[in-house]
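Q: Before I ask anything, let me first share the structure, which is written out below as structure tokens.
Rule-based calculations on the coordinates, nothing more; no lab input. Keep in mind it's a predicted model, so treat the numbers as computed, not measured. Neighbour counts run over all protein chains shown; Cβ positions are idealised from the backbone, glycine included.
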Amino acid sequence: MEPIATSTYEISRVDSPPDSAVPGDHHYKMKDLCEKAGVSRQLVHFYIQQGLLPEGKKTGKNMAYYSEKHLERLLLVRRLQHEQFLPLKAIAALLEERDEAFSPAQQKHMREVRAAMPETLAGSKGPRETVNGFAYADKVGLPREDLKELVDVGLIAAVSGENGSKDALFIAKDDVWRLELYAELRRSGFTSERGFSMRDVAMFDETMEALVMREARLIAMRAGELSPGDLADLLTRAMPVIGSLLARLHSEKAKHLLASL
């Protein structure tokens, strides 16, 4: 793995390039951007191709300049990928929806809300501990090929072991519940022999992602009416109730459908 750049965004600006064609606040050449973030130019180009990072302002065929917003986004993507273990597909969707749902001022407000919430609901504020995903999959009875497929479709994030070891695939420790439930789902009959694959599980993740973003837009409309402390208290009390409500609603909707057949 490449070294993880610090997530602190107190970044000093380099001297503006002499080229008067450089627009606005785009002060960094690719070399400067890579040095500040501690990443390679190949990774920056990859993030741009994946829609995780906007392109720079071009001043020539092979020259572009980047702003501090590019640097902040680059550091954020690296933190979400390597500290929070989010798949790139999930990061892209999350950032796109977040930017649409929350203004910069609202994002700042919600960061204060998150800081006031317990870690069990708001998520870890630092790097997540990892475990060997293959070893844990073996333990719970999930085929390794299923785990690889889950990684391929972006349902779980993982990094390879040292020197690309085929016996190690590290996942976040607090993601092991996924492997436990996927293994249980397999044992219930959700098997490849019956035409099901782990890719089919993606619809649940996509549905929940869409629901969470609808919730985010609702919160965005209400965020300014409550202090960070009050909103943190509301979410802390309401989120477990909403989780129970969703489980019951799913069961009820399924029963209603079956009764209509």
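Q: Which loop-located chymotrypsin sites (Phe, Trp or Tyr not before Pro) does the stretch 128-230 contain, where loop means any DSSP state but H, G, I, E or B and the Cβ has at most 15 other Cβ atoms within 10 Å?
A: Here the chymotrypsin sites (Phe, Trp or Tyr not before Pro) that fit, given the DSSP loop and packing criteria, are Phe196.
Q: May I ask for the angle, rounded to the nearest 10°, between helix 202-223 and the longest principal axis of the chain, with both axes built from Cα atoms and the value confined to 0 to 90°?
A: 60
Q: Would you calculate, for the chain, the mean residue ellipticity at 222 nm contributed by helices, counting each DSSP H stretch of 4 or more residues as -39,500 (n - 2.57) and dividing by all residues, to the nearest 500?
A: -18000 deg cm²/dmol
Q: Tell me which of Val241, Ala137, Met117 sits at the most positive position along the dipole axis of the stretch 116-260, charges placed on C-beta atoms (Lys, Arg +1; Asp, Glu -1).
A: Projecting each Cα onto the dipole axis, the largest value belongs to Val241.
Q: Name the shape class, rounded, prolate or oblate, that the alpha-carbon gyration tensor gives for the chain, where a ≥ b ≥ c are the square roots of its eigenvalues, rounded holds for a/c under 1.5, and otherwise prolate holds if a/b is larger than b/c and oblate otherwise. Working shown, then result.
A: Values: a/c = 2.11, a/b = 1.41, b/c = 1.50.
It comes out oblate by the Cα gyration axes.
Q: Treat every Asp and Glu Cβ in the chain as -1 and every Lys and Arg Cβ as +1, leave all other atoms uncharged, and give the resulting dipole magnitude about the Cα centre to the nearest 20 debye.
A: Value, rounded to 20: 240 debye.
Q: A further question follows. At a threshold of 8 angstrom on Cα-Cα distance, excluding pairs fewer than six apart, so keeping six or more, what relative contact order does the chain reach in percent? Before the final figure, lay out the partial values.
A: Numbers: 245 pairs, mean separation 44.6, N = 261.
Value for the chain: 17 percent.
Q: Would you please classify the overall shape of the stretch 161-220 from the alpha carbon gyration tensor, given that a ≥ b ≥ c denote the square roots of the eigenvalues, rounded means a/c under 1.5, and beyond that prolate means a/b larger than b/c while oblate covers the rest?
A: Because a/c hits 1.5 or more and a/b fails to exceed b/c, the stretch 161-220 counts as oblate.
Q: Same structure, new question: Name the shape class, rounded, prolate or oblate, that the alpha-carbon gyration tensor gives for the stretch 131-261, where a ≥ b ≥ c are the square roots of its eigenvalues, rounded holds for a/c under 1.5, and otherwise prolate holds if a/b is larger than b/c and oblate otherwise.
A: Judged from the Cα gyration tensor, the stretch 131-261 comes out oblate (a/c at least 1.5, b/c at or above a/b).
Q: Along the stretch 71-87, what does the Karplus equation 6.51 cos²θ - 1.76 cosθ + 1.60 (θ = phi - 60°) give for ³J(HN,Hα), rounded to whole Hz, x for Gly and Pro?
A: Taking θ as phi minus 60°, the curve returns 5, 4, 5, 4, 5, 5, 4, 4, 5, 5, 6, 9, 9, 9, 6, 8, x Hz for the stretch 71-87.
Q: For the pairs Lys29/Lys173; Lys108/Lys253; Lys58/Lys173; Lys89/Lys173, note any where the Cα-Cα span goes beyond 32 Å.
A: On the way: Lys29/Lys173 38 Å; Lys108/Lys253 37 Å; Lys58/Lys173 42 Å; Lys89/Lys173 20 Å.
Where the Cα-Cα span goes over 32 Å, the pairs concerned are Lys29/Lys173; Lys108/Lys253; Lys58/Lys173.
Q: What stretch of the chain, leaving out the sites themselves, is the longest with no trypsin sites (Lys or Arg not before Pro) in a DSSP loop having at most 15 other Cβ atoms within 10 Å?
A: The reported range is 167-261.
Q: So, one more: Just how far, in whole angstrom, is the stretch 198-261 from the stretch 141-161 if you go by their alpha carbon centroids?
A: If we compute the Cα centre of each part, the gap is 26 Å.
Q: Could you give the size of the charge dipole of the stretch 38-77 about its Cα centre, using +1 on the Cβ of each K and R and -1 on the Cβ of each D and E, expressed in debye and rounded to the nearest 20? Before the final figure, lay out the partial values.
A: Values: 6 positive and 3 negative charges, 35 e Å.
The calculated dipole for the stretch 38-77 is roughly 160 debye.
Q: Using modelled amide H (1.01 Å from N, peptide plane; none on Pro or chain starts), what sits under 5 Å from the amide H of Ala64, excluding residues fewer than 5 places away?
A: Correct list: Met30, Thr59.
Q: To continue, here is another question. Could you calculate the contour length gain from Glu100 to Ser197, that is, 0.36 nm times the residue separation minus the distance between their Cα atoms, to one decimal place in nm?
A: Result for the pair: 31.7 nm of gain on full extension.
Q: Using modelled amide H (1.01 Å from N, peptide plane; none on Pro or chain starts), what sits under 5 Å from the amide H of Leu86, excluding residues fewer than 5 places away?
A: Under 5 Å from the amide H of Leu86 lie the amide H atoms of Gln81, each far enough along the sequence or on another chain.
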